[in-house]
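Report on the structure given below.
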């Protein structure tokens, strides 16, 4: 089938997420390799967002393909109440890789249900009900995960679960709390505000605080040392568990194994994993819990489960992925090439007046576009369809052979960790052309 026929049949017989069906105008994919994929007409695209921030090791890596094939041939499925070698090996690997006192893993199918499991376990382990989470955060699309994420993708299904308490974000570029303050001063004021909110809610009713290890699709809005020390202090003071969502930021994306590793004084009680765990080759999610949380369930029932949990093929794919990260030194490479990417994006910011802010670390970066640098008016408004200028920017990227996430007034840069400097330059050149389109509507 050519591209048009592939798209026609997809639209005729399947439903797309997060979009009115008549507005769905997808790319197609016939093959993929490394940092590129090709549509059904043979056009090549640079995968500048690793699909949905998950194909960290790149497309079609032979080591992972072989591991999947071998496991399917050996035993494609085992009930989650059966012990398997891949499950044991992967659990031990994650205990070694994850920071602090994280020890045991509960395996799911993806990020959303892993977040659901973490919420349930935190509430069961503490006997408390409430979860504190940020407004500008996304934790998945299942009902509880969508409710706890403050991102507006939750709105169509509200009211959600009743025990979520949302707090504001360390958005130094836009938050009124940061006006007239340095980022450190703003972070400290925000921590004070969050603690006050918890006091109003009753600390004894709060089971956990849920935070992304490094902010993702809600804008790469990341507090600094003052924010993270403050969050840890609140958890310690009120005996509140800390759930760190590493679904997007885990497995080298930020130039560390996990985003929270940038803050070594933070001690998660839960770490939620997916995406880069298997690089999307096979569905798998995971919740890694501390020894203390795990001990609670030694004599108490862990009241959750999935038919396809701890899937042997998914575990085999994850083991092979981790081996690729280690053998090819991809985490260090992401750190080094993140410096190259950031310099290139800052150079673009110097050249293009439509760039208001550049944020991120490693191979997780975002460019925020504005109509006016002085007023910071966004080129496309929050929680609304793309403005006409932003639609032209997005179209320019696609026409130039780039696939990436464009959301509101943000352009994300999150290529596979195997990318090289020449390919980064290719991506920056495509962005350069697109930003020239944006500049035409920007105030002098």
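The values are calculated or read from the model by the stated rules, or taken from the named source; none is laboratory data. These figures come from a predicted structure and were not determined experimentally. All Cβ positions, even for glycine, are placed from backbone atoms using ideal geometry, and neighbour counts span all protein chains on display.
Miscellaneous remarks
- Any hit, the range 308-331, residues being in contact with a helix residue (DSSP H, G or I) (Cβ under 8 Å, 6 or more places away or on another chain) and closer than 30 Å to residue 435 by Cα: yes
- Any hit, the range 188-197, residues being part of a loop (DSSP other than H, G, I, E, B) and either in contact with a strand residue (DSSP E or B) (Cβ under 8 Å, 6 or more places away or on another chain) or surrounded by fewer than 17 Cβ atoms within 10 Å (Cβ to Cβ) (or both): no
- Residue under evaluation residue 45, criteria (1) over 30 Å from residue 296 (Cα atoms); (2) free of Cβ contacts under 8 Å to residues at least 60 places away in the same chain; (3) in contact with a strand residue (DSSP E or B) (Cβ under 9 Å, 6 or more places away or on another chain), criterion not met: (2)
- Residue 254, sole failed condition from (1) part of a helix (DSSP H, G or I); (2) in contact (Cβ under 8 Å) with a residue 24 or more places away in the chain: (1)
- Criterion applied to 288, 220 was being assigned to a loop (DSSP other than H, G, I, E, B) and at pLDDT 95 or above, and the one residue passing it is 220.
- Taken as a whole, the condition of being outside the structural domain of residue 118 (by TED's automatic domain parsing), surrounded by 15 or more Cβ atoms within 10 Å (Cβ to Cβ) and out of contact with any helix residue (DSSP H, G or I) (no Cβ under 6 Å at 6 or more places or on another chain) does not apply to residue 294.
- Meets criteria (farther than 30 Å from residue 64 by Cα and crowded, with 23+ Cβ neighbours inside 10 Å) for residue 379: yes
- Checked against the criterion of being in the same structural domain as residue 240 (by TED's automatic domain parsing) and assigned to a helix (DSSP H, G or I), the candidates 128, 166, 153 yield just one match: 153.
- Here residue 403 meets each of (1) surrounded by 15 or more Cβ atoms within 10 Å (Cβ to Cβ); (2) more than 25 Å from residue 340 (Cα to Cα) with one exception, condition (2).
- Annotation for the range 422-440: no member residue is crowded, with 20+ Cβ neighbours inside 10 Å and more than 17 Å from residue 348 (Cα to Cα).
- Being under 21 Å from residue 223 (Cα atoms) and within 23 Å of the chain's Cα centre (by Cα) holds for only one residue in 431, 346, 402, and it is 346.
- Residue count for the range 225-244 satisfying the condition of being crowded, with 17+ Cβ neighbours inside 10 Å and within 23 Å of residue 358 (Cβ to Cβ): 3.
- Hits in the range 142-159 (condition: crowded, with 18+ Cβ neighbours inside 10 Å and either touching a helix residue (DSSP H, G or I) at 6+ places or on another chain (Cβ under 7 Å) or at pLDDT 95 or above (or both)): 144, 145, 146, 147, 148, 154
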